[in-house]
């Protein structure tokens, strides 16, 4: 049985933006700045603009530079920065989504899991308010405020816990914790 490219792509978990994207943007902006200076120096050298070239003076200041403590420190920092950038580029991107246990190819991020669980708990009888306290990969913590004791319609505070747990685990949350606090009526 062969799988198509689409089936293989749908089977993989969605990934967060890679760490190297931000580094690449900063490096690209640096290269654009060097390009702008090079075009300015070209315009000055061809007589299209007035002034003195900047790159020639910079290169002349580096000519004849000897091995000093300052050069060693800058070279060491540049090497460490290069190793750090290489490490950031080679690390895999983070998997921030959770697969649903019930539906194939349904992925949810922690904030979506928390919102579904919070909304389900908020709709339980006797719940005054519900808010998300913490949402991490696979674990959601909801804080629920209920009326003091049982209400006239027979609502139980554990109903909010059951509803939030059912809704959160349907989307792939491994654990849904509901903390209850009673409010005086």
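The values are calculated or read from the model by the stated rules, or taken from the named source; none is laboratory data. In this text, all values refer to a predicted model and were calculated from it rather than measured experimentally. All Cβ positions, glycine included, derive from the backbone under ideal geometry; neighbour counts span all protein chains shown.
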message: Can you tell me which residue is modelled with the lowest pLDDT among those in segment 139-150 that are surrounded by 14 or more Cβ atoms within 10 Å (Cβ to Cβ) and over 12 Å from residue 117 (Cα atoms)?
response: 147
statement: In the set 70, 66, the lone residue that is without any contact (Cβ under 8 Å) to a residue 24 or more places away in the chain, in a loop (DSSP other than H, G, I, E, B), outside the structural domain of residue 172 (by TED's automatic domain parsing) and loosely packed, with under 10 Cβ neighbours inside 10 Å is 66
task: Kindly indicate whether residue 114 is surrounded by 14 or more Cβ atoms within 10 Å (Cβ to Cβ) and touching a helix residue (DSSP H, G or I) at 6+ places or on another chain (Cβ under 7 Å).
output: no
message: I'd like the full set of residues that are assigned to a helix (DSSP H, G or I) and modelled with pLDDT under 90, limited to segment 1-26.
response: 5, 6, 7, 8, 9, 10, 11, 20, 21, 22, 23, 24
task: Output the qualifying pairs, or none if there are none: Cβ atoms under 6 angstrom, residues six or more apart or on different chains, first residue in segment 162-185 and more than 30 Å from residue 104 (Cα to Cα), second residue surrounded by 18 or more Cβ atoms within 10 Å (Cβ to Cβ) and at pLDDT below 85.
output: 180/146; 180/157; 182/146
- prompt: Considering only residues of segment 43-63 that are surrounded by 10 or more Cβ atoms within 10 Å (Cβ to Cβ) and touching a helix residue (DSSP H, G or I) at 6+ places or on another chain (Cβ under 8 Å), which is nearest to residue 20 (Cα to Cα)?
  reply: 55
